[in-house]
Amino acid sequence: MEEFLNKLPTSVSKTELLRILQEFQDKYGYLDNDFIHELSKKIGIQPGKIFGIASFYSQFRFKPSGKYIVNLCSGVACHINSSENLINVFTKLTGLKDGETSADGKITLELVPCLGGCANSPVVKVNDKYYTKVTKADLLKIIQELK
Amino acid sequence: MEFTITINNKKIKVSNNEKILDVLRRIGINIPTLCNVPGLSPTGACRLCVVELNDTNELVPSCSTPVRVGMNISTHSNKVINARRVIVNLLLSNHPDNCLYCDKRSYCELHQIAENLNITDRSFPGEPKKSKSDRSSPGILREMSKCILCGRCVRICEEMLGISAIDIVNRGKNIEIETIFKKGLFYSNCIHCGLCIKYCPTGAIIEKSYVQNLIDKLNNSEKEKVIVISNSTIADISNFYGIKKFTDCRNNIVGALKDIGFDKVFTLSPGNEIFIYENAVKILNHIKDKSNNTLIVTDCPAAKKYVKSELSELSPLLTSIPSPQQILAKFFKKSDDSNVFMTVVTPCVANKYEAVQSSNTTKGVPDIDIVISSNELLKLFNTYGIEFPYSRKQIPDNPSNSDTSAGPLFETKGGISETLIRELLYQNQKSYPKKLFEIKNDKNFIEFSFVLNNQQFKIASIHGISSLKEKVEDILSGKYLFVELRLCENACIDGCVQLRDDDPDKFKKIKKLILDYDETNNSDTASKNPFIKAYKNNNLKQK
Amino acid sequence: MTLKDITYNYLFKSTELFELNKLNRDVNLDIPVVFAFRSTCSIIAGIDDTISYIEKYINENSINIKIVETSCPGLCSFDPVIGVKIPGRTLILLKNLYYYEVFSVFDSILNHFLPDTKFLLAQIYDQKYNSWPEVPDFFSLKQVKIQKRNILEPIKTYSPISITDYFAKNGFKGFAKVLTKLTPSEVCSIIENSELKGRGGGGFFTGKKWRKALENNNNPKYFICNADESDPGSVAGRILIETDPFKLIEGMLIGAYAINASKAIIYVRNTYKLAIERLKKAIEQTKSAGLSGDDIFGSGINLSIEIVTGPVAYVCGEETALISSLEGSRGMPKPKPPYPSDKGFLEKPTIVNNVETIFNIPSIILYGAESFKQTGIKESFGTKLFTISGKVDYPGVYEIELGTSIADVLSAVCDDESVNSIKAVHIGGPSGGFIHPDKFYEKLVFNDSKNKSNDIWFGAGSFVVLNKSNCIVDVCKYFLDFDVNESCGKCIPCREGTRVLYDILKRISERPPTNSKHETLQRFKGVTQLEEIAVVMQETSLCGLGQNAPITIITGLKYFRDEFEEHIYEKKCDAGVCRDLKLYNINIDNCVGCGLCVKRCPADAIIGSLHTAHFIVQERCIKCGNCFKACKFNAVNII
């Protein structure tokens, strides 16, 4: 983390804030307390404010995510093709709700408004792999593979 | 540029760039708002201040819409009132309805507005929000279920103070006002000034109450029960009950507290006087040593915390003398296993925070056992059915029985400077003018000057964070002999937890009470109190 | 010659010609060429696997084949689409070519045999080459014929990330014209004359907005592209960027020039990885071609373009919220006035235009306002991209000439039998509303917010088709759930209004827990409450999100009121979507205990031993109806 902070110029403008947070998260997976406090000194924004700003956006996490990030698409096309059932099934099987990570640190569930595969809905994405026209049975298989 | 617009069929003169709401307030039309804070930028969040533009039948928020030539406005048309009713109904649909147990009660602005709009029923479905609270701060209690997300506290904390201990977090249905990582105020950079309490329209941010703890102790503790009342509290209560003379009210309060069961009752004045005396000694030494360092004299725990954490370059200049109530705590509790149970009544939330600081505790127990606010004192009186003027008057106990008027004056805006200069001149030449010469008075920044040993000195009296930030350079440059610093704009007499009152000019009346007392009193500087003389001699002996 | 020299000669000396022939160099090669139509939607459909199998095929058979990566034609149901051009024959487009079919399909096609018909999409006729028998011409497909592809190419057979390929399509000629021949004010006039309306949802005149910013002399100014299109069900902006990033850049350079801005910023959603990747490459090339940077080709004009990736929040599609986000704050909308064209990014005059709007700019400048007005109808000139999804046979991104009727669009995207079962179309996503089949004759035109001519609100151009298996109440609930999560939470009407609307819909789509009088009364009030709240939200919300969120409900109530009432009074959902309205139980008198329902129940919700009456555990029941269908003794009742 120190290395990351040292690379930043001594004074950073506020317009750079979101970019820096994105870069940090890309590298370390989530935004942690110490980082926000250190960044606060450089950028001249109170740590509470940085937390408030970051929490507005879906991209930022404040806890480490699981090894597998499961994106269930909740876009309108997927909804019409019963993605809500998939979400319910996933929650029933894993006990995870949107944004939660399993206790063993393996699976994180994140609902996304639209993955863009409307023609092949419902779509599920695990890390970088897409699954299309997913049925309940497919989802069961996906979950078993992850476990 | 000036022009006229039509408001409710009347022609009204307005000037360019004025916001509609400001015009309406100016001409006495009452518009409900929940998010507006005079002096801070409008956010247009609550939408209750909407008015109708008659030419387009459009509803616009009056707080953020500037007047335009040819505007024709209705402020209470059917459409407007209906919109306001729906908005308030929406807010109420999941608001907890345990108003009976809410500390805000009739002072709740949401309650007031709902009443004015004749809302008597929960008209839209919704489950009341589940209780979720932050009790980490010793002085401030946040009950999030009552929060209506108007954002006033956030803007106060950000725009007025630059602290941002709390901010709006998340969005949509998960939106809430929270501290960093939702850890609670005590673990954030909150300075516990309590301004958010003052501006919160509902019971979402309130002071943490200790009255019931106090009553339990009163009945169950074997210890000697001592209570210290700040002069701001006395003045506030005397204003509240319309008692003309400061000392009358003081003696009333002393009598009442004795009847309730306190063994000894003091005013905060002896603490103030020692604080003044000790700082005067320091400053005279500065002058003697020709030191160029400005002393920042403050008794305000919030201001101290702010300087230490946010303006660390000023931190070495802070006076080392503890605050008056802590001075008295050390004085009353001489030994570790003291048999004294000490209560302090103040107008300030930060004092509750100060009391639990490790430097102010002995073996983990706070030296001041309980701090209550002026507001809580009134509750205590109400619990015991005490009405003022109280039949029994009593003089406070020694050393408070020989108070000078410097004690109360100290708690007003500019009071540190005035009392300290008096004391400096008194210690140096035994004479001083009653009224000081102000060079400058910019609302929250007053500059005084005085002559001591043929040398001219400047003093700055700074109130509020924004004026402090402006003066950092000047303070570091050594331009001032000393600087008075307090966080509340009108000093302690207008503290955040004084009695609740809708009167915006209350602090002026309280100040007048104290100034009247000072004017008619000859014993008006710390060293004139025989107690201080004794204290001085005692100090000398020890040295 | 450096790229900068080539660009200079091409744009200002006309010595370098980038003819279409050059562009079609790959088509004319004398070896087989494979075109991979690769975009996010085809990646999701699995084109990357298909490509790697094609490479494997090439290696194993050691044949000389060139693979060209280009961008998709927007017909998502055919993904992955692969084009194959073998010497002497026309380019043939293969649809739904998944990796496991690659080897057999290539075996036949490389030997001039047609593969199975299920892979045949179309061919692109060219007199020079022998055509494939019985394969339709691409341009005769009804899905292509319905479109008027002005800003997107019908099919792209060259790389989206090569600036010289873009030159061949007259790329940057518009910008060159602006630089050498037009003043900023003249550029604004052309756009004003074209009557181009913003494609992001608001439908304001783009030229007017530009003029306002031009006339404000508070420098520096900013030109911002809003590529944070985040409506569920709309991917048009992303497809545009992935297909033609240079066109976006050219449009932005022109726009920035027109308002005297020196900085152009593209605010693109962080999740659009491929679009960002292609855009970055395109910006890099534009820079090395000398078309952005300081003192562009000696004109004294400085223009820089940068990408900012948005950390995902729907409301950032609103311009003031987008600006707040760019400034590093919470993306909360601010009250207007002041408008961004007066006080925007960093308090300076700022123009925020949507991707699709900007895509229209280069050709308007190059060919004139009048040529733009040849397409579309009065007050709605040009084309509009719609992302068509839902219960259609050919979902995809369609560029439709404005003025086309909804019915025409539907008959092109559906097979005949499915057209008849359409119950409604929902256009405009969270800020749009339903269209009833009785209104399908209506033309797709911009709707003026002051005098509403119809119920069509484009929003970001999502076009969702619903049939009898979809429930209107459920779709309303879906969009409100979206709004509840995406409302920035600042103003009360939007934050609390969407929540209460959602609660009301939830209540009427569920069986009341008890049948108390109070509950029944509250249910019955549902419809009136929905209307009451919707109107106030429209009138008092701070930004477009809250003002438009109730349109779905308002149009839903207008056309499908009976469906709402059915839910409320009869506790019935015809589409069978609102399962929580139903309660299944077993009549012990009829039940013989055969156990068939137990076997069919997916949720283990039925208990009972053989030959005795069974019982449904309500907490476990997921209301699938299997037991009802399975029972031969009429023992399962629905209440």
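One residue is enough: does the range C:527-542 have a residue meeting the conditions buried (at least 16 other Cβ atoms within 10 Å of the Cβ) and part of a loop (DSSP other than H, G, I, E, B)? Give the derivation first.
Quick first cut of the range C:527-542, residues buried (at least 16 other Cβ atoms within 10 Å of the Cβ) only: C:527, C:529-530, C:532-542.
Now drop any that are not part of a loop (DSSP other than H, G, I, E, B), which leaves C:541-542.
Within the range C:527-542 (the criterion being buried (at least 16 other Cβ atoms within 10 Å of the Cβ) and part of a loop (DSSP other than H, G, I, E, B)), the answer is yes, since at least one residue qualifies.
Could you say whether any residue in the range C:159-175 is free of Cβ contacts under 8 Å to residues at least 24 places away in the same chain and among the basic types (Lys, Arg)?
Among the residues of the range C:159-175, not one is free of Cβ contacts under 8 Å to residues at least 24 places away in the same chain and among the basic types (Lys, Arg), which makes the answer no.
Out of all the residues in the range B:111-126, is one or more over 25 Å from the mean Cα position of the chain (by Cα) and closer than 28 Å to A:Ser58 by Cα?
Yes, some residue in the range B:111-126 is over 25 Å from the mean Cα position of the chain (by Cα) and closer than 28 Å to A:Ser58 by Cα.
Checking the structure you have, find out if any residue of the range A:47-55 is free of Cβ contacts under 8 Å to residues at least 40 places away in the same chain, basic (Lys, Arg), within 14 Å of chain B (Cβ to nearest Cβ) and buried (at least 17 other Cβ atoms within 10 Å of the Cβ).
yes
How about the range B:151-172: which of its residues are within 25 Å of C:Glu486 (Cβ to Cβ) and either of a type in the set (Gly, Ala, Ser) or in contact with a Phe, Trp or Tyr (Cβ under 9 Å, 6 or more places away or on another chain) (or both)?
B:Gly151, B:Arg152, B:Cys153, B:Arg155, B:Ser164, B:Asp167, B:Ile168, B:Val169, B:Asn170, B:Arg171, B:Gly172, listed by residue number.
Out of the residues in the range C:487-526 that are of a type in the set (S, T, N, Q) and in a helix (DSSP H, G or I), which is nearest to the other protein chains (Cβ to nearest Cβ)?
C:Gln522
Can you give me the number of residues within the range C:97-132 that are under 33 Å from the mean Cα position of the chain (by Cα) and loosely packed, with under 13 Cβ neighbours inside 10 Å?
Looking only at that region, the number is 4.
Within the range C:364-385, restricting attention to residues that are over 25 Å from C:Thr180 (Cα atoms) and part of a loop (DSSP other than H, G, I, E, B), which residue is modelled with the lowest pLDDT?
By that ranking, first place goes to C:Glu379.
Of these, C:Leu274, C:Leu279, C:Leu346, which one is assigned to a helix (DSSP H, G or I) and away from every other protein chain (no Cβ under 12 Å)?
Of the residues listed, the single one that is assigned to a helix (DSSP H, G or I) and away from every other protein chain (no Cβ under 12 Å) is C:Leu279.
Looking at the range A:1-22, which of its residues are in contact (Cβ under 8 Å) with a residue 12 or more places away in the chain and within 20 Å of A:Gln59 (Cβ to Cβ)?
A:Met1, A:Phe4, A:Leu8, A:Val12, A:Lys14, A:Glu16, A:Leu17, A:Leu18, A:Ile20, A:Leu21, A:Gln22
Would you call C:Glu356 among the acidic types (Asp, Glu) and closer than 29 Å to C:Glu399 by Cβ? Before you say what the answer is, go through the steps one by one.
Working: among the acidic types (Asp, Glu): yes; closer than 29 Å to C:Glu399 by Cβ: yes.
For C:Glu356, the condition - among the acidic types (Asp, Glu) and closer than 29 Å to C:Glu399 by Cβ - is met.
Just to be sure I understand, how many residues within the range C:527-542 are within 11 Å of chain B (Cβ to nearest Cβ) and modelled with pLDDT under 90?
Matching residues across the range C:527-542 total 0.
Can you pull out the residues in the range C:543-563 that are in contact with a helix residue (DSSP H, G or I) (Cβ under 6 Å, 6 or more places away or on another chain) and either away from chain B (no Cβ under 14 Å) or crowded, with 21+ Cβ neighbours inside 10 Å (or both)?
Residues satisfying the conditions are C:Leu545, C:Gly546, C:Asn548, C:Ala549, C:Pro550, C:Thr552, C:Ile553, C:Ile554, C:Gly556, C:Phe560, C:Glu563.
Could you say which residue among C:Asp589, C:Asp604 is over 30 Å from C:Gly433 (Cα atoms), assigned to a loop (DSSP other than H, G, I, E, B), within 43 Å of the chain's Cα centre (by Cα) and not assigned by TED's automatic domain parsing to the domain that holds C:Ser509?
Just one listed residue meets the conditions, C:Asp604.
Select from the range B:44-65 the residues that are within 7 Å of chain C (Cβ to nearest Cβ) and either of a type in the set (S, T, N, Q) or over 33 Å from the mean Cα position of the chain (by Cα) (or both) and list them in ascending order. Spell out how you get there, then give the answer.
Residues of the range B:44-65 that are within 7 Å of chain C (Cβ to nearest Cβ), as a first pass: B:44-47, B:50, B:59, B:61, B:64.
Across the range B:44-65, the qualifying residues are B:Leu59, B:Ser64.
So that you can scan it fast, the table gives a plain yes or no per residue for (1) of a type in the set (Asp, Glu); (2) assigned to a loop (DSSP other than H, G, I, E, B):
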{"residue": "C:Glu134", "(1), (2)": "yes, yes"}
{"residue": "C:Gly171", "(1), (2)": "no, yes"}
{"residue": "C:Ala176", "(1), (2)": "no, no"}
{"residue": "C:Leu179", "(1), (2)": "no, no"}
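Taking strands (runs of 3 or more DSSP E) that fall entirely within the range B:165-212, which contain at least 3 residues that are within 10 Å of another protein chain (Cβ to nearest Cβ) and in contact (Cβ under 8 Å) with a residue 24 or more places away in the chain? Reasoning before the result, please.
Working: elements: B:166-169, B:176-179, B:205-207.
So the answer is B:176-179.
Restricted to the range C:233-271, and to residues that are basic (Lys, Arg) and part of a helix (DSSP H, G or I), which residue is farthest from the other protein chains (Cβ to nearest Cβ)?
First pass over the range C:233-271, keeping only residues basic (Lys, Arg): C:238, C:247, C:263, C:269.
Restricting the remaining residues to those that are part of a helix (DSSP H, G or I) gives C:238, C:247.
Values: C:Arg238: 6, C:Lys247: 20 Å.
Only one residue tops the list, namely C:Lys247.
Of (1) closer than 26 Å to B:Asp403 by Cα; (2) under 25 Å from the mean Cα position of the chain (by Cα), B:Tyr432 satisfies all except one. Which?
The failed condition is (2).
I need the full set of residues from the range B:211-227 which are under 29 Å from B:Asp134 (Cα atoms) and either surrounded by 21 or more Cβ atoms within 10 Å (Cβ to Cβ) or among the small types (Gly, Ala, Ser) (or both), in order please.
Answer for the range B:211-227, where residues must be under 29 Å from B:Asp134 (Cα atoms) and either surrounded by 21 or more Cβ atoms within 10 Å (Cβ to Cβ) or among the small types (Gly, Ala, Ser) (or both): B:Leu214, B:Ile227.
Considering only strands (runs of 3 or more DSSP E) fully contained in the range C:1-85, which possess at least 1 residues that are under 29 Å from the mean Cα position of the chain (by Cα), modelled with pLDDT of 85 or more and among the charged types (D, E, K, R)?
Working: elements: C:33-37, C:66-70, C:82-85.
So the answer is C:66-70.
State which residue is surrounded by the fewest Cβ atoms within 10 Å (Cβ to Cβ) when the search covers only the range C:295-334 and only residues that are in a helix (DSSP H, G or I) and at the interface with chain A (Cβ under 8 Å from one of its Cβ atoms).
C:Leu326
From (1) within 25 Å of B:Ser93 (Cα to Cα); (2) in a loop (DSSP other than H, G, I, E, B), pick out the condition that doesn't hold for C:Cys594.
Just one mismatch for C:Cys594, condition (1).
Based on this model, can you work out whether B:Val497 counts as assigned by TED's automatic domain parsing to the domain that holds B:Ile532 and buried (at least 19 other Cβ atoms within 10 Å of the Cβ)?
Yes: the conditions hold for B:Val497.
Within the group C:Ile388, C:Ile361, which residue is surrounded by 24 or more Cβ atoms within 10 Å (Cβ to Cβ) and not in a helix (DSSP H, G or I)?
It is C:Ile388.
Do you know which residues across the range C:391-403 are away from chain A (no Cβ under 14 Å) and either without any contact (Cβ under 8 Å) to a residue 60 or more places away in the chain or over 21 Å from C:Gly237 (Cα atoms) (or both)? Steps first, answer last, please.
Here is the first cut: in the range C:391-403, the residues away from chain A (no Cβ under 14 Å) are C:399-403.
Selection gives C:Leu402, C:Gly403.
So, in the range B:334-366, exactly how many residues are surrounded by fewer than 21 Cβ atoms within 10 Å (Cβ to Cβ) and either part of a loop (DSSP other than H, G, I, E, B) or basic (Lys, Arg) (or both)?
Final tally of qualifying residues: 10.
The values are calculated or read from the model by the stated rules, or taken from the named source; none is laboratory data. Because the structure is a prediction, the values reported are computed rather than measured. Note that we place each Cβ from the backbone using ideal geometry, even for glycine, and neighbour counts take in every protein chain shown.
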